[in-house]
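I have placed the structure first, in the form of structure tokens, so that the comments after it can refer back to it.
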Amino acid sequence: MSILQLPLILETRRNHAIEHGAIHILGAKFPGKSFAGHSNPTGFIIIGDVPLEDVARAAAQSLTRLRAGERQLAIHPGCGTNFATSGLLAATLAWLPLSVGRTRRSKLLLLPFAILLGVFGYALAQPFGPVIQARITTEADPGDTRITKVTPVRFGRGNAHYVTTRPTGP
């Protein structure tokens, strides 16, 4: 069994996919509004100033569409996975030339090369974020996951809604 198939991780990945789908659906219904989310094994939160009924409908529609095979709903361009992938690759490539410099002067001479490699790493990472989402951080097959309730949550000065999910198994 892969670590990605362990129950808590799999449930989080499934919820992450449903969350992304809900944000896609809400974004289409409310153009210009900002949304964010966060998933865990028991559900996900949608941060955005929209009515509870719209969040509940978007979450249910996301689950239905994922079950119907719309795997692309699980991938979102605003996902933190994209930012983490870009940052990690850019930082790693920028660090490499600086790690070989012995003196402060040699590191300063390598700094332009490090910056260039960092920019290259950032550009190179752009197609990897969605691939990592598809293979690691989301699971587009929701399996037997069901939505049990949607609850409003105060989030700073804005609104948020927590979508509680549960696998239907034992």
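The values are calculated or read from the model by the stated rules, or taken from the named source; none is laboratory data. From a predicted model like this one, the values you see are computed outputs, not experimental measurements. Heads up, the Cβs are rebuilt from the backbone with ideal geometry, glycines too, and the neighbour counts pull from every protein chain shown.
Listed residues I46, I25; which is among the β-branched types (V, I, T) and in contact with an Asp or Glu (Cβ under 8 Å, 6 or more places away or on another chain)?
I46
Consider region 99-114 and keep the residues that are surrounded by 15 or more Cβ atoms within 10 Å (Cβ to Cβ) and either within 19 Å of the chain's Cα centre (by Cα) or assigned to a helix (DSSP H, G or I) (or both). The one that is modelled with the lowest pLDDT is K107.
Would you mind finding the one in P31, P112 that is more than 22 Å from A140 (Cβ to Cβ), without any contact (Cβ under 8 Å) to a residue 24 or more places away in the chain and not assigned by TED's automatic domain parsing to the domain that holds V153? Quick ask: steps written out before the conclusion?
On the way: P31 fails: not assigned by TED's automatic domain parsing to the domain that holds V153.
P112 is the lone residue from the list that is more than 22 Å from A140 (Cβ to Cβ), without any contact (Cβ under 8 Å) to a residue 24 or more places away in the chain and not assigned by TED's automatic domain parsing to the domain that holds V153.
Of the residues making up region 148-165, those that are at pLDDT below 95 and either part of a strand (DSSP E or B) or among the charged types (D, E, K, R) (or both) are V153, R154, F155, R157, G158, N159.
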